[in-house]
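Okay, structure first, notes after.
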Amino acid sequence: MIELANIHKSFGPKHVLQGIDLTVEKGESLVVIGGSGSGKSVMMKSIIGLLRPEQGSIRINGVETIGISARQRDKVNRQFGMLFQHGALLDSLPVWQNVAFAVRQQKNISTAQARAIAQESLSLVGLGAKLLDLYPADLSGGMHKCVGLARAIAAKPPILFFDEPTTGLDPVMTDIINHLIRDCVRELGATTLTITHDMSSARIMADKVAFLYQGKIIWVGTEKEMTNSDDPFLHQFVNGLADGPIATEGVIEEERERGRQEERAEGRGKERAEEQNGAP
Amino acid sequence: MNPLAKIGHYTLGFLTHTGRLCVFMAQAVLAMCQPPFYFRLIGQQILRIGYFSLPVVALTSFFTGGVLALQIYYGGNEFNSETIVASIVALGITRELGPVLGGLMVAGRVSSAIAAEIGTMRVTEQIDALTTLSTNPFKYLVAPRLLAAILCLPVLVLLADIIGVMGGFIVGTQTLDFNAATYIQRTIDFLEFDDINSGLIKSAVFGFIIAIMGCYNGYYSAGGAQGVGRATTNAVVSASILILSANYIMTSLFFSS
């Protein structure tokens, strides 16, 4: 179980997380959706201990993890498996060593046992043994994700994190990865937290969806509730609409505002022309 | 921004970097002394830092020894003191040129490579991945490089000393017509254990500087490919400057008495 209470995190003057409250129940798959720069990655990095929030509490299975020692953090992290946005496979190691890395760190096992674990884990994500001795540079983008997923689940951790698992993949591969993740998670019975802005991923993987906007969780519900929600922010995001209450950053926002002004000016011009032409 | 604010801004920036470097060094040394030890990685780094740097260090040292012999001979010729060539070459190479030039060559070769490798790992989230895989990046990445550099540099410099003196010997006997036995005798007569020892202690410190600057700049690199490029340049420049300044401090400490 993961519990976040009133999490605040800033980078200089930028207040990225502005009081996150979120709970992921044991065995539940929660997907956090939100636009680019909304703080999704910062939230996830805070949970796994890569960033330290200035305020709030993060409890993993009831244990407070903010401010713990490196040794305690190591113990907590042993419960985690994580699939990074771009795989983050270690370039210097072949696939089998990447996949069995966590297991080898945690247990004193032989090379043959480690290879067997890697092979088993790869087969769970639909990859064959011929990949074992390849290096990450030899793999395609989709294979990277699959090997990353195999690495995340190899030690059979009770908690899994997925950071934008389908970013940069083609639609077919996206669907394959989404279903692979869902099936693996169900098989392991793990608690999972996924962050994404891909709605197809959210729909396939989520037991529950949380919407993160401007550093706060502003909506939580099931996938069905999300589809039927009349929350204007969620509605705009889920349906991918350009117009709506969601503020986008910098140039895009200015561009959109300029477009609106032009439309209004065009509209006024048309009205004026119609008036001049005596049209109704 | 007014001038005082600018000075304050740069001072704060400098202090922040210095403080961060000190904390990084403390963490690195701690990681180097505590288990687990990744012996396979230490072995790999010894090969990369030590073995593969040998040709470049050997060539630098050989030509430096040779050119030193020529310059001392031509300079000494004006005062009829050509006989000091062997002793000055031996002292110059073992005390200063072997460790400093060896250190600078290894800094150019190794510090940049370490910064580029660790920097790329940083920007591709591989270092974050290590943390989630219950592995301390300091123990896995920094400690093996640091240990390998501290162990390899003295060996490299010892070889550089021998090759540099050999360079002087070859030029002295083949070009300047010195008697080989006399040249060797003068080298042995003037050279003391402390001369070699001071160079080896210096080189161990240079090894620490080379590895720590490579690791530090790579570890804190940000901003994609451009950031990695910047980290690489910073690593070489800072390692070179620190080697030269540390050399001055150590020379004044060793030879002041």
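Please treat every number below as a calculation from the coordinates, not as lab data. Everything numeric in this text was worked out from a predicted model, so none of it was measured. Virtual Cβ from ideal backbone geometry, glycine too; neighbours counted across all protein chains shown.
How would A:HIS144, A:HIS8 line up from fewest to most surrounding beta-carbon atoms within 10 angstrom? Please list the in-between numbers first.
Working: A:HIS144 19, A:HIS8 16.
By the 10 Å Cβ count, ascending: A:HIS8, A:HIS144.
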Compute the distance in nm between two label points, each set 7 Å from the Cα along the Cα-to-Cβ direction, one at A:HIS86 and one at B:MET1.
3.0
Once both label points are put 7 Å beyond Cα along the C-beta direction, the A:SER36-A:SER110 separation in nm becomes 5.0
Distance from region B:150-196 to region A:180-237 (C-alpha centre basis), Å
72
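Give me the percent of DSSP beta bridges within the protein assembly as shown that run antiparallel, rounded to the nearest 5. Each step should come with its number before you reach the end.
Values: 21 of 39 bridges.
Antiparallel bridges: around 55 percent, rounded to the nearest 5.
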Could you let me know the centre-to-centre spacing of region B:54-114 and region B:1-50, using Cα atoms, in angstrom?
31
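Specify the longest stretch of chain A that does not include any exposed loop site, a site being one of the GluC sites (Glu not before Pro) with a non-H, G, I, E, B DSSP assignment and at most 13 other Cβ atoms within 10 Å. Could the numbers behind the result be given before it?
Details: sites that count: A:GLU25, A:GLU54, A:GLU249.
No qualifying site falls inside A:55-248, the longest such stretch.
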Under 21 Å from A:LYS14, Cα to Cα: lysines that are on another chain or at least 8 residues apart
A:LYS40, A:LYS45, A:LYS216
Relative contact order, percent, chain B [alpha-carbon distance under 8 Å, six or more residues apart]
31
Given the Cα-Cα distance of B:LEU47 and B:ASN179 and 0.36 nm per residue of separation, how much length would full extension add, in nm?
43.7 nm
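Sorted from fewest to most neighbouring beta carbons within 10 Å, what does the list A:LYS40, A:LYS130 look like? Numbers along the way, then the final one.
On the way: A:LYS40 23, A:LYS130 9.
Ordered from fewest to most neighbouring Cβ atoms within 10 Å, A:LYS40, A:LYS130 come out as A:LYS130, A:LYS40.
Please compute the net charge surrounding B:LEU91, taking Lys and Arg as +1 and Asp and Glu as -1 over other residues with Cβ under 13 Å from its Cβ. Please list the in-between numbers first.
On the way: positive: B:ARG95, B:ARG186; negative: B:GLU96, B:ASP161, B:ASP189, B:GLU192, B:ASP194, B:ASP195.
Summing Lys/Arg as +1 and Asp/Glu as -1 gives -4.
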